[in-house]
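Student: Provided herewith is a single structure, encoded as structure tokens, for subsequent inquiry.
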Amino acid sequence: MQEIKIELTKNPKAKPQDESKLGFGQIFTDHMFLMNYDEGEGWHNPRIVPFGPIELSPAAMCLHYGQEVFEGMKAYRGANGKPLLFRPEKNMARLNLSNERLCIPLIDEEFCVEAIKALVKVDEDWIPKSEGTSLYIRPFIFGIDPHVGVHPAHHLIFCVICSPVGAYYPEGLNPVKIYVEQKYVRAVRGGMGFTKTAGNYAASLKAQDEAEKQNYTQVLWLDGVERKYIEEVGTMNVFFVIGDEVVTPALQGSILGGITRLSTIELLRSWGYKVSERQISIDEVAKAYDEGKLVESFGTGTAAVISPIGELKWGDKIMTINNGEIGEISQKLYDNLTGIQWGKIEDKFGWVVEVE
Ligand SMILES: Cc1ncc(COP(=O)(O)O)c(C=O)c1O
């Protein structure tokens, strides 16, 4: 394995004192991880350096053609005080899935998990301590060739930055209102929907903006061809409990394979629930609602973990799910997933990785 050089900052920043005001992604730690790719040399020069600006040519390819991929994961302060990561190998595997689709040279997944651990160790004191808080970790890769012309980059940077983030639900788990998007689409099969790349999020901004104007938290995307089948919610995968079946859209290339989604499916199956990964149309959800069979619905993602859906708006139809309250399954999943992530309950699955 390559050696990671460490250059510590000479000017450490003051750490946030009031952890109730952390918010999300606003403050960054003292250090970042960098590694370069140059054709002929491969990925090289891994290093941890003080957090700061990166010099780029205005012709850098990522700025023009969006050859960029990223990940989102968290470090938690475990019950014994040690930093914990949750299934980091899955994030690095997904980064390589994105890399492959965007013609970005693959990374050594194991090495990159070690690099993230090393960065978390250096900035360990930045992991907040209050209930529900964590250190958000953002690995990303972008092409830097100073060249205006559409082709895969030959020179790239892999960077990891970290941000202490507040509790997503400072007042406890809170159901959200979601708007079913009928005008815009996010991705189509054969496109990049299954990757975590900047363009997917740029494509979502307009719909998100319109949903917020109508007082909805996020949009529920329908498939880009028939506008009929459910895809995912803004930054979450989505689940519906219909009768005794827990349904989530199958991974068919247009949605992100969430790590919280995967963990949710594995947990539910271990508890004996019937979980189906299949196509589900918005008509089926509405029919189940009308027949009183839509028991609960929730989103899954690293930021919120589990986000109960209290209301779904589809055109003129407003579906109030479980009286707008948190469902039994949502609560049980939230308690168990966060319990495992924070090292408070036994990790039977071996999901948690301690940073030594
Ligand atoms: C579009 C999208 N879907 C789903 C998810 C949930 O994925 P994960 O559970 O890995 O955070 C995210 C968040 O990363 C996302 O951005």
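Student: Do we have L95 as part of a helix (DSSP H, G or I), buried (at least 19 other Cβ atoms within 10 Å of the Cβ) and among the aliphatic types (A, V, I, L, M) here?
Tutor: It is true that L95 is part of a helix (DSSP H, G or I), buried (at least 19 other Cβ atoms within 10 Å of the Cβ) and among the aliphatic types (A, V, I, L, M).
Student: E3 fails exactly one of the following numbered conditions: (1) charged (D, E, K, R); (2) under 19 Å from C162 (Cα atoms); (3) loosely packed, with under 15 Cβ neighbours inside 10 Å. What is the number of that condition?
Tutor: Evaluating E3 over (1) charged (D, E, K, R); (2) under 19 Å from C162 (Cα atoms); (3) loosely packed, with under 15 Cβ neighbours inside 10 Å leaves (2) as the failure.
Student: Okay, next question. Take I144 and decide whether it is in contact with a His (Cβ under 9 Å, 6 or more places away or on another chain), among the hydrophobic types (A, V, I, L, M, F, W, C) and modelled with pLDDT of 95 or more.
Tutor: Criteria met by I144.
Conditions tested, residue by residue: (1) over 17 Å from A303 (Cβ atoms); (2) within 16 Å of the ligand (Cβ to nearest atom); (3) in contact with a Gly (Cβ under 6 Å, 6 or more places away or on another chain); (4) without any contact (Cβ under 8 Å) to a residue 24 or more places away in the chain.
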site	(1), (2), (3), (4)
G172	no, no, no, yes
K183	yes, no, no, no
R189	yes, yes, yes, no
M192	yes, yes, no, no
G199	yes, yes, yes, no
S204	no, yes, no, no
Q218	no, yes, yes, no
K228	yes, no, no, no
G234	no, yes, no, no
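Student: Go through (1) surrounded by 18 or more Cβ atoms within 10 Å (Cβ to Cβ); (2) assigned to a helix (DSSP H, G or I) for I107 and report which single condition fails.
Tutor: (2)
Student: So, in the range 272-292, exactly how many residues are touching a helix residue (DSSP H, G or I) at 6+ places or on another chain (Cβ under 8 Å) and more than 16 Å from the ligand (Cβ to nearest atom)?
Tutor: Total satisfying the criteria: 2.
Student: Would the range 173-195 turn up any residue that is in a loop (DSSP other than H, G, I, E, B), closer than 22 Å to F111 by Cα and either among the β-branched types (V, I, T) or modelled with pLDDT under 95 (or both)?
Tutor: Yes, the range 173-195 contains a residue that is in a loop (DSSP other than H, G, I, E, B), closer than 22 Å to F111 by Cα and either among the β-branched types (V, I, T) or modelled with pLDDT under 95 (or both).
Condition check ((1) within 16 Å of the chain's Cα centre (by Cα); (2) more than 24 Å from G40 (Cβ to Cβ); (3) at pLDDT below 95) across all residues:
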residue: G81; (1), (2), (3): no, yes, yes
residue: R87; (1), (2), (3): yes, yes, no
residue: K90; (1), (2), (3): yes, yes, no
residue: L95; (1), (2), (3): yes, no, no
residue: L119; (1), (2), (3): no, yes, no
residue: V122; (1), (2), (3): no, yes, no
residue: K129; (1), (2), (3): no, yes, yes
residue: S134; (1), (2), (3): yes, yes, no
residue: I137; (1), (2), (3): yes, yes, no
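Student: Out of all the residues in the range 236-245, which are of a type outside the set (A, V, I, L, M, F, W, C) and away from the ligand (no atom under 11 Å from the Cβ)?
Tutor: Those that are of a type outside the set (A, V, I, L, M, F, W, C) and away from the ligand (no atom under 11 Å from the Cβ): G243, D244, E245.
Student: Taking the conditions exactly as written (among the charged types (D, E, K, R) and surrounded by fewer than 19 Cβ atoms within 10 Å (Cβ to Cβ)), does K183 satisfy them or not?
Tutor: Yes.
Student: Still on this structure, I have one more. How many residues are among the charged types (D, E, K, R), out of contact with any strand residue (DSSP E or B) (no Cβ under 7 Å at 6 or more places or on another chain) and touching a residue at least 40 places away in the same chain (Cβ under 8 Å) when one looks only at the range 5-38?
Tutor: 4
Student: Look through the range 246-261, keep the residues that are in contact with a helix residue (DSSP H, G or I) (Cβ under 9 Å, 6 or more places away or on another chain) and more than 8 Å from the ligand (Cβ to nearest atom), and return whichever of them is farthest from V305 (Cα to Cα).
Tutor: Top of the filtered list is L251.
Student: Before we move on, is G132 assigned by TED's automatic domain parsing to the domain that holds R87, buried (at least 16 other Cβ atoms within 10 Å of the Cβ) and more than 30 Å from I4 (Cβ to Cβ)?
Tutor: On the way: assigned by TED's automatic domain parsing to the domain that holds R87: yes; buried (at least 16 other Cβ atoms within 10 Å of the Cβ): yes; more than 30 Å from I4 (Cβ to Cβ): yes.
Answer is yes for this residue.
Student: Here's a follow-up. Every residue in the range 81-92 that is part of a helix (DSSP H, G or I) and crowded, with 17+ Cβ neighbours inside 10 Å, please.
Tutor: P88, K90, N91, M92
Student: Can you confirm whether K213 is under 30 Å from C103 (Cβ atoms), exposed (fewer than 15 other Cβ atoms within 10 Å of the Cβ), among the basic types (K, R) and more than 9 Å from the ligand (Cβ to nearest atom)? Give the derivation first.
Tutor: Numbers: under 30 Å from C103 (Cβ atoms): no; exposed (fewer than 15 other Cβ atoms within 10 Å of the Cβ): yes; among the basic types (K, R): yes; more than 9 Å from the ligand (Cβ to nearest atom): yes.
No; evaluated as a whole, the condition is false for this residue.
Quick grid of which residues meet (1) of a type in the set (A, V, I, L, M); (2) more than 27 Å from the chain's Cα centre (by Cα); (3) modelled with pLDDT under 95:
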site: E3; (1), (2), (3): no, yes, no
site: T9; (1), (2), (3): no, yes, no
site: L22; (1), (2), (3): yes, no, yes
site: D38; (1), (2), (3): no, yes, no
site: R47; (1), (2), (3): no, no, no
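The values are calculated or read from the model by the stated rules, or taken from the named source; none is laboratory data. Treat the numbers as computed from the prediction; the structure is a model and nothing was measured. Because the Cβ atoms are built from the backbone with ideal geometry, glycine has one as well, and the counts that use them run over all protein chains shown.
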